[in-house]
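The values are calculated or read from the model by the stated rules, or taken from the named source; none is laboratory data. Bear in mind the structure is a predicted one, so any value in this text is a computation, not a measurement. Glycine gets a Cβ as well: all are built from the backbone with ideal geometry, and neighbour counts include every protein chain shown. Note: areas computed on protein heavy atoms with side chains; ligands, DNA, RNA excluded. Shrake-Rupley method; radii C 1.70, N 1.55, O 1.52, S 1.80 Å.
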Amino acid sequence: MVQAWYMEEGTADPRKPHQCEPPRPVGLEQLRRLGVLHWKLDADIYETDPELARIRRERNYSWMDIITIDKDKLPNYEDKIKIFYEEHLHLDEEIRYILEGSGYFDVRDKDDKWIRIFMQKGDMITLPAGIYHRFTVDENNYVKAMRLFAGEPVWTPYNRPADHFPARRHYLQFLEQAVQ
């Protein structure tokens, strides 16, 4: 089961959990209301996993690659980590499947508060287009992830503020409808 919680305020080391005291856990249903989808898969068989194949087929995730975020394997590691942690949105869904290691996706809730989602081996997440988010490794400083796209990959992050994009407006409309 994926773990998620509201984050404490502050700008200390982003690789730490940053749980509120007392903790404020967030469940899968609350994440779903934000448009965030999660699956738990068997990362040891990702190349032949029928469940992953089914999800890819149903959601039209036709393109994939694998990225390793590690000081020894990712060129310009420190710069990339800072870029990943900058609050941004995408005009398409962001899909990540953790094959090894662990890290955090942070997403904004409807009240603009940060929710931290702990991702580890076997977790797959889809963030909707237009949601403000960021990513960081945890204190292990290592994650290997599959990146999936519907069609050709588009890597462009739009740092906040980016409210003028149609994807952001559509996402805000989605949130309004989810409340009703």
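Does any residue of the stretch 122-143 turn out to be open to solvent by 20 Å² or more (accessible area, probe 1.4 Å), at pLDDT below 95 and on the phi > 0 side of the Ramachandran plot? Checked the stretch 122-143: no residue is open to solvent by 20 Å² or more (accessible area, probe 1.4 Å), at pLDDT below 95 and on the phi > 0 side of the Ramachandran plot. Beta carbons closer than 9 Å, at least 6 apart along the sequence or on distinct chains, pair a first residue in the stretch 87-115 that is farther than 24 Å from Asn140 by Cα with a second that is open to solvent by 40 Å² or more (accessible area, probe 1.4 Å) and of a type in the set (Asp, Glu) for Lys110/Glu176.
Whenever a residue of the stretch 159-180 is modelled with pLDDT of 95 or more, its partners that are surrounded by 11 or more Cβ atoms within 10 Å (Cβ to Cβ) and assigned to a helix (DSSP H, G or I), lying with C-beta atoms within less than 9 angstrom and at least six residues away or across chains, give the pairs Ala162/Arg168; Asp163/Arg169; Asp163/Leu172; Leu175/Arg33. Would you call Trp5 within 19 Å of the chain's Cα centre (by Cα) and either surrounded by 15 or more Cβ atoms within 10 Å (Cβ to Cβ) or assigned to a helix (DSSP H, G or I) (or both)? Judged against the criteria, Trp5 is a match.
The number of residues in the stretch 88-105 being within 22 Å of Pro166 (Cα to Cα) and under 12 Å from the mean Cα position of the chain (by Cα) comes to 6.
Can you confirm whether Ile55 is among the β-branched types (Val, Ile, Thr) and either touching a helix residue (DSSP H, G or I) at 6+ places or on another chain (Cβ under 9 Å) or free of Cβ contacts under 8 Å to residues at least 12 places away in the same chain (or both)? In short, no.
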